[in-house]
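First up is the structure itself, then whatever we jot down about it.
The values are calculated or read from the model by the stated rules, or taken from the named source; none is laboratory data. Being a predicted model, the structure only gives us computed values, none of them experimental. Note that we place each Cβ from the backbone using ideal geometry, even for glycine, and neighbour counts take in every protein chain shown. Note: accessible area is taken over every heavy atom of the protein model, side chains too, but ligands, DNA and RNA are not part of it. Shrake-Rupley method; radii C 1.70, N 1.55, O 1.52, S 1.80 Å.
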Amino acid sequence: MKKQVRIYTLAILMQGIGSGAVMLYMNVFMTDYLLIDAALVATALLAAKFIDLFVSFITGPIVEKANFKNGKYGPWFTILKYGLFACFVLTYLDTYTLGIPELLRASLVVLAYVGYGGGMSILMIARGGLLQQMAGADMDVRNVISARTAQATAAAQIITSAIAVPMITFFAAYVGENHSYAVTIGILAILMVAGCLLMRSQAKIYDVHIPAEKRKAAPKVSLKDMFQSVAGNSQMMVLIVCMSVFYIAMQTFLAIQAYYFRNIMNDFNFMAVSMTIKTVFAFVASLFMPALGKKVGKKNAFILGLLLYAAALLGITFLGASSEYVFTFFTCVFTAAMYLFTSFGVNYFLDCGEYGYYKTGKDNRATAMAMYNIPMKIGFMGGSAIGSYGLAMIGYQVGMEITEGFVHSFMFIIGGIPAALCILGAVIFFFAYRLKDEDVAMYARENAARDKAVI
């Protein structure tokens, strides 16, 4: 099993490096290289995010209903490796020099974005499903694989941050700046393809082949059942609400972080230093915080993590304006706090899926795991809105004089509002989430026995 966990982790690392740079430069590429009006870019990306959110809701049912005869999850790695590669490159294809009209250029990016989002959602489900198949009902193995996933993801972020810009600069000298992005993303995407191939090799070992007659005899799960498995699962709804609140808090901070360095500190260049420090610290935190999270249990880890996250944000609110080093220190603190619970990853949603399967006898665990992406996307939209409207409410304008009153108001938006959201999420989770780790372990064992009976 150790060998298989290492291969799984390596695949996560390769997929992370391969996909990590796709979202980083989309806005600037659309405005500066595709020469699309900024207002149209904002409208196009907002439309893409709404479509992507809808697609995310249906990816679970898609995976559940497909259930190929040669495996439930493995075949998706084969399908996705080419589709995602195409979407990655299409996002940065220089359609301006091809003479394509502006609206169509924007539409092609929207299409690529939706393909990227939908493909990554299915990839997450397939990876989570493979995790469940590898670990079976063993909660310790599930937690180990999730922790390794968090570590590999953090390492991928460091590597992507270190190599993406130098690669773009290097290839610009040979193919021009307008093509260097597509070349860089394409080369990195090859690693994503290799990661999918590694996952497929693992799936051939663990992905269960169910004979046709057995599949026909298994309890039928309709689309209605799948949607009810989410809406009718009280613990799933609590988890989605609390995770969404957390991601809204996170994205509110990230949406206006650049304004802190540019307007409050007047040192925009330090933003790169600050983010590098935080990213490296994220990897260090991913090595030791999961063990603490496992010790206190998933529910307590989530509550404690949110409260520590809120405390760090309050530190930013009241002390962050004094120094960018103080600000960076607190970002490292909330990064460590985050790994208390995010290291469990999809396991929170898989727990809710096990609970629903145990209660209803209908296996909608793929649908449950699909919900893992929903809070992130809700957070991205909600956080961006709070940050943008917050700046407008306090009267921000380009080139304005930064007064002491503006600084206080800004620090409240970037730290105070997200802190309040995290505290709200912790309170809701404390009172409303009832799944205990030992109960989920029992549900998983019973469900594994059901699966074995079907096969």
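Residues in region 379-416 that are open to solvent by 50 Å² or more (accessible area, probe 1.4 Å), of a type outside the set (Ser, Thr, Tyr) and under 30 Å from SER121 (Cβ atoms) were compared, and the one that is modelled with the lowest pLDDT is PHE380.
Can you find, within region 140-196, the residue that is farthest from PHE283 (Cα to Cα) among those that are touching a Lys or Arg at 6+ places or on another chain (Cβ under 7 Å) and open to solvent by 20 Å² or more (accessible area, probe 1.4 Å)? For region 140-196, the residue satisfying everything is VAL193.
Looking across region 288-323, the residues that are of a type in the set (Phe, Trp, Tyr) and under 20 Å from ILE428 (Cα atoms) come down to PHE302, TYR309.
Can you name the number of the only condition in (1) open to solvent by 40 Å² or more (accessible area, probe 1.4 Å); (2) acidic (Asp, Glu); (3) at pLDDT 75 or above that ASP207 fails? So ASP207 meets the others, but not (1).
Evaluation of LYS362 against the conditions (1) under 19 Å from ALA249 (Cα atoms); (2) modelled with pLDDT under 85 shows that the sole unmet condition is (1). Within region 322-359, if we keep just the residues that are farther than 20 Å from ALA282 by Cα, surrounded by fewer than 21 Cβ atoms within 10 Å (Cβ to Cβ) and out of contact with any Phe, Trp or Tyr (no Cβ under 8 Å at 6 or more places or on another chain), the residue that is modelled with the lowest pLDDT turns out to be LYS359. The residues listed here are MET250, MET271; of these, the one that is within 23 Å of the chain's Cα centre (by Cα), surrounded by 17 or more Cβ atoms within 10 Å (Cβ to Cβ) and within 30 Å of ALA366 (Cα to Cα) is MET250.
Taken over region 20-38, the residue count meeting the criterion of being farther than 17 Å from LEU108 by Cβ, at pLDDT 75 or above and exposed (fewer than 15 other Cβ atoms within 10 Å of the Cβ) is 0. Screening MET237, MET265 for residues that are out of contact with any Gly (no Cβ under 6 Å at 6 or more places or on another chain), closer than 22 Å to GLY379 by Cβ and open to solvent by 20 Å² or more (accessible area, probe 1.4 Å) leaves exactly one candidate, MET237. Listed by first and then second residue, the pairs linking a residue in region 309-325 that is under 15 Å from TYR259 (Cα atoms) to a residue that is assigned to a loop (DSSP other than H, G, I, E, B), with Cβ atoms under 9 Å apart and 6 or more places separating them unless they lie on different chains, are ALA321/MET265; SER323/MET265; GLU324/MET265; GLU324/ASP267. Selection within region 1-19: residues that are among the small types (Gly, Ala, Ser) and farther than 15 Å from VAL89 by Cα. The member of this set that is surrounded by the most Cβ atoms within 10 Å (Cβ to Cβ) is ALA11.
Considering region 297-306, and only residues there that are surrounded by fewer than 19 Cβ atoms within 10 Å (Cβ to Cβ) and in contact (Cβ under 8 Å) with a residue 12 or more places away in the chain, the residue that is nearest to CYS242 (Cα to Cα) turns out to be LYS299. What number of residues in region 417-439 are aromatic (Phe, Trp, Tyr) and either closer than 13 Å to ILE386 by Cβ or open to solvent by 40 Å² or more (accessible area, probe 1.4 Å) (or both)? Going through region 417-439 one residue at a time, the tally reaches 2. Scanning region 360-399 for residues that are small (Gly, Ala, Ser) and assigned to a loop (DSSP other than H, G, I, E, B) yields GLY361, GLY395, GLY399.
Filter region 82-129 down to residues that are part of a helix (DSSP H, G or I) and charged (D, E, K, R) and give me whichever is surrounded by the fewest Cβ atoms within 10 Å (Cβ to Cβ). The extreme case among them is GLU102. When you check TYR247 against the structure, is it in a helix (DSSP H, G or I), touching a residue at least 60 places away in the same chain (Cβ under 8 Å) and under 15 Å from TYR325 (Cβ atoms), yes or no? Here the answer is no, as TYR247 does not meet what is asked.
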